[in-house]
Amino acid sequence: MSSAGAGTTVSLARQPDAAAGRTPPKGWGHGPRRPSGLPWILPAFVFVVGLVYYCIGYTGYISTLTWDGVSPNPAHVGFANYITAFGDPVFWDAIRHTVIFFVVTFCVQTALGLTFAALLHSKVKLPNLYKVIIFVPVVLAPATMAPIFRQIFSATGQFNTILGDIGLGSLEHPWLAQSSTALPVIMAITIWEWTGVTFILYFAAMTQIDTEILEAARIDGASGLRILTRIVWPSVRGTTIALAMLSVIGALKTFDVPYLVTLGGPNYATEFLGTFIYRISIPQAEVGYGAALSILLLLLALSGAVAFGLRGMRRN
Amino acid sequence: MFETRRLSSKIVLQVILTIMVLPFLFPLIAMVQESLAGQGWDNYRVVWDTGVVPEFFRNSAIIAAGVIIIVYALTMLAAFGFSKLHIRGREIYFWMMLAALTLPEVVLLTPLFSTAIRLGLYNTYFSVMLPLAALQIPFAVLLTRNFVNGIPDDLFDAARVDGASAARIFWRIILPLTRPIAAAIIILTLIGAWNDYLLPLVFLQSSATETITLLPSYFVSEFSDDQTKVVASAVITAIPEIIAYLCLQRLFERGLTAGALK
């Protein structure tokens with residue numbers, strides 16, 4: 001998932017007024033004097049909508065072909081590629097991995113982000129140092145970090161060394177080579193990379209909580225944990241919903257980490273829709289099938305965004 | 001948030017926090033350690049002496065700068081139009097753009113690939129720059145539009161009474177007043193463009209155009225038997241990113257929270 005996506009859903013969910021079209025048209029003056037905005041939005045609109053919708057349309061067309069991407073006369077096969085997809089166990093594996101990935105990374109990141117934010121709002125020493133450590137992974141490219149993660153989790157890697165050092169040698173493992181542990185490692189890496197975003201959003205949201213309420217709760221004898229679950233958690237709900245939507249789209253977009261760390265393997269254990277589509281479309285050159293999978297992915301991403309976006313708006 | 005009036009609770013919180021951040025620090029320490037394994041600092045010298053590192057940096061910088069310029073220019077124009085000018089059916093246009101937010105890059109691969117080849121853009125900066133910009137603009141417009149909505153209409157009324165044209169208002173009022181959000185957008189776009197992997201992977205095929213995210217794979221084929229040099233190259237790419245973040249820490253954090261807070 002791209003970093004730019006980070007804020008994306010945040011404002012979709014948090015600022016529904018501007019986005020939902022519920023507000024009356026705004027603009028200075030009233031009546032016909034207002035200059036037309038069309039020429040102003042046209043460059044961005046034509047560029048984005050042109051490129052994106054052209055590509056989607058093109059992909060939709062290709063999805064009805066059996067094509068290797070270069071041959072001049074691709075065969076039209078109608079919906080055959082979609083039927084292949086629904087019968088392809090790897091496709092369902094990829095969906096299952098995406099769901100597990102979303103649930104686990106979202107829950108862990110939420111718990112960690114919330115705890116870090118609460119701890120750093122508690123007058124600890126050197127807050128900025130901790131902030132930097134949590135946030136640095138966000139600015140580092142997953143592609144840059146992939147080689148070291150491959151090394152850390154390899155059979156002779158640092159992770160096994162640490163396990164040995166703290167007396168858990170029995171857990172040592174070729175983490176990436178075994179189907180059952182490869183997916184958890186991919187999730188752990190993602191959590192490492194993205195908790196900084198969750199943290200920083202919760203941290204910002206918490207600055208907007210009325211300190212008097214917290215003070216009152218404390219005087220009434222509420223424990224830190226109770227304050228966190230009863231006061232803080234409900235008041236950052238908007239952020240949580242936004243992060244959930246962000247995580248759904250992020251999970252569907254997952255590519256860099258599984259591609260670079262495990263190549264979707266071993267035995268498809270870390271195959272995601274992104275890596276699957278890439279492998280089918282580029283190295284295997286089954287462009288028609290890849291396009292059909294792309295359209296399915298797009299439908300999933302759109303419905304995920306709509307489902308969470310609408311929920312967020314109702315709450316508001 | 002938590003009680004810190006007693007010394008004991010202060011220490012407990014500090015210890016919990018420290019233990020919790022250790023896993024975040026660990027990969028970075030392991031990375032530096034690994035890059036110095038075997039031949040020590042010579043790993044860095046060998047990587048640097050290949051001479052490709054600055055080239056990859058230059059490519060990333062050119063692409064990121066191009067994306068930022070396109071995104072900034074088109075976003076500012078569009079946000080002004082959406083927020084303060086008259087557009088019939090404006091929300092339809094807006095939502096058509098916003099739908100692009102959910103779009104995974106991988107969906108664009110095949111059409112972009114054949115189009116890029118047909119237009120002769122394959123293995124040029126543009127083949128990565130243009131789709132990246134198109135994917136970044138919707139969110140930037142969303143943020144900036146919300147920001148411009150917060151600028152009072154009176155300001156524009158007054159300018160209109162004085163006979164200022166829309167273009168003049170854009171230049172004299174919108175651009176200066178949107179600087180805070182512009183900074184956030186530039187940072188967001190920078191991270192997105194700089195860290196992108198899939199588009200360069202597919203569209204860039206020579207070290208004259210490849211970006212730094214492709215550097216580790218480049219060195220994997222170069223030093224297949226020597227993981228330490230690959231990691232050393234990763235450290236070299238990570239350092240400028242960390243420095244940039246440390247220097248502009250507030251901007252980075254504001255960039256990411258810009259959508260959440262008004």
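Read-outs throughout are calculated quantities, based only on the coordinates presented, and are distinct from any laboratory measurement. All figures in this text were calculated on a predicted structure; none of them were measured in a lab. Cβ sites come from the backbone with ideal geometry, for glycine too, and all protein chains shown count toward neighbours.
Here, the protein assembly as shown has an Rg and a Dmax of 24.5, 79 Å when only alpha carbons are counted. Put the Cα centre of the range A:127-182 next to the Cα centre of the range B:50-72 and the gap is 29 Å. Peptide B:150-157 has a mean shielding of 2, counted as Cβ atoms of other protein chains within 10 Å of each residue's Cβ. The charge dipole of the range B:131-262, taken about its Cα centre with unit charges on the Cβ atoms of Lys, Arg (+1), Asp and Glu (-1) only, comes to about 560 debye. Lysine pair count for the protein assembly as shown (Cα-Cα distance under 24 Å; residues 8 or more apart in sequence or on different chains): 8.
Computing FRET efficiency as 1/(1 + (r/R0)^6) for residue A:161 and residue A:237, where r is the C-beta to C-beta distance and R0 is 41 Å, gives about 0.50. The range B:90-167 and the range A:221-261 have Cα centres separated by 28 Å. Each of residue B:5 and residue A:212 was given a label point 7 Å from its Cα along the Cα-to-Cβ line. The distance between the two points is 1.9 nm.
Would the range A:216-316 count as rounded, prolate or oblate if I go by the C-alpha gyration tensor, calling it rounded below 1.5 in a/c and otherwise prolate when a/b exceeds b/c, oblate otherwise? Because a/c hits 1.5 or more and a/b fails to exceed b/c, the range A:216-316 counts as oblate. Note on residue A:172/residue B:221: beta-carbon distance plugged into 1/(1 + (r/R0)^6) with R0 of 22 Å gives a FRET efficiency of 0.15.
Spacing of the modelled spin labels on residue A:123 and residue B:92, each 7 Å from Cα toward Cβ, amounts to 5.8 nm. For the range A:91-285, what does the alpha-carbon gyration tensor say about shape, rounded, prolate or oblate, given a ≥ b ≥ c as the root eigenvalues, a/c under 1.5 as rounded, and a/b over b/c as prolate? Prolate, since a/c reaches 1.5 and a/b exceeds b/c.
Taking 10 °C and 1.306 mPa s as conditions, chain B diffuses translationally at an estimated 73 µm²/s according to Stokes-Einstein applied to its Kirkwood radius (Cα pairs).
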